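The values are calculated or read from the model by the stated rules, or taken from the named source; none is laboratory data. Predicted model, so just to flag it, every value in this text is computed and none were measured. Heads up, the Cβs are rebuilt from the backbone with ideal geometry, glycines too, and the neighbour counts pull from every protein chain shown. Note: areas computed on protein heavy atoms with side chains; ligands, DNA, RNA excluded. Shrake-Rupley method; radii C 1.70, N 1.55, O 1.52, S 1.80 Å.
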Amino acid sequence: QVQLVESGGGLVQPGGSLRLSCTASGNIFTINNMGWYSQPPGKQRELVAAHTTGGTTNYTDSVKGRSAISRDNAKNTMYLQMNSLKPEDTAVYYCNAIPAFPGPWGQGTQVTVSS
């Protein structure tokens, strides 16, 4: 079973930046399309950034232009650089495959944008 561990979240003021990290238990990024998912308080989890095995990246409109997804295959780690953060970016962020791997998700990392 694949294990994914997210980190890098925190409390940041509007306009600030964070870099989220996702470390996998194995070499999965080269054989799976991967993504970052956001779950705001009281809302469903949704895909916000995607990274295909071929290197193509896609973003939902809510983060496009402010975020960058990348991966380091040698470190089995994927990143989400988030800039110009807004209060509406407040959410728990998860990484997973697209579609998601079967089984439980990681614990996620909390991002709170507030002054």
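Pairs linking a residue in segment 9-24 that is farther than 28 Å from ALA100 by Cα to a residue that is among the basic types (Lys, Arg) and modelled with pLDDT of 95 or more, with Cβ atoms under 8 Å and 6 or more positions apart or on different chains, are PRO14/LYS86.
Residues are listed down the side, and each one gets a yes or a no for (1) out of contact with any Pro (no Cβ under 9 Å at 6 or more places or on another chain); (2) open to solvent by less than 40 Å² (accessible area, probe 1.4 Å):
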{"residue": "LEU80", "(1), (2)": "yes, yes"}
{"residue": "LEU85", "(1), (2)": "no, yes"}
{"residue": "THR90", "(1), (2)": "no, yes"}
{"residue": "TYR93", "(1), (2)": "yes, yes"}
{"residue": "ILE98", "(1), (2)": "yes, no"}
{"residue": "TRP105", "(1), (2)": "yes, no"}
{"residue": "SER114", "(1), (2)": "no, no"}
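Figure legend. Inter-residue proximity from segment 101-115: first residues farther than 13 Å from ARG45 by Cβ, second residues of a type in the set (S, T, N, Q) and in a loop (DSSP other than H, G, I, E, B), beta-carbon distance below 6 Å, spacing 6+ or different chains. Indicated pairs: GLY103/GLN1; THR112/THR90; VAL113/THR90; SER115/GLN13. Take ALA91 and tell me if it is small (Gly, Ala, Ser) and either without any contact (Cβ under 8 Å) to a residue 12 or more places away in the chain or closer than 21 Å to GLN3 by Cβ (or both). Criteria not met by ALA91. Only one of the listed residues (SER84, SER62) is closer than 24 Å to SER115 by Cα, free of Cβ contacts under 8 Å to residues at least 40 places away in the same chain, assigned to a loop (DSSP other than H, G, I, E, B) and among the small types (Gly, Ala, Ser). That residue is SER62. Look through segment 1-19, keep the residues that are under 20 Å from ARG71 (Cα atoms) and hydrophobic (A, V, I, L, M, F, W, C), and return whichever of them is modelled with the lowest pLDDT. Looking at the filtered set, the residue picked out is VAL2.
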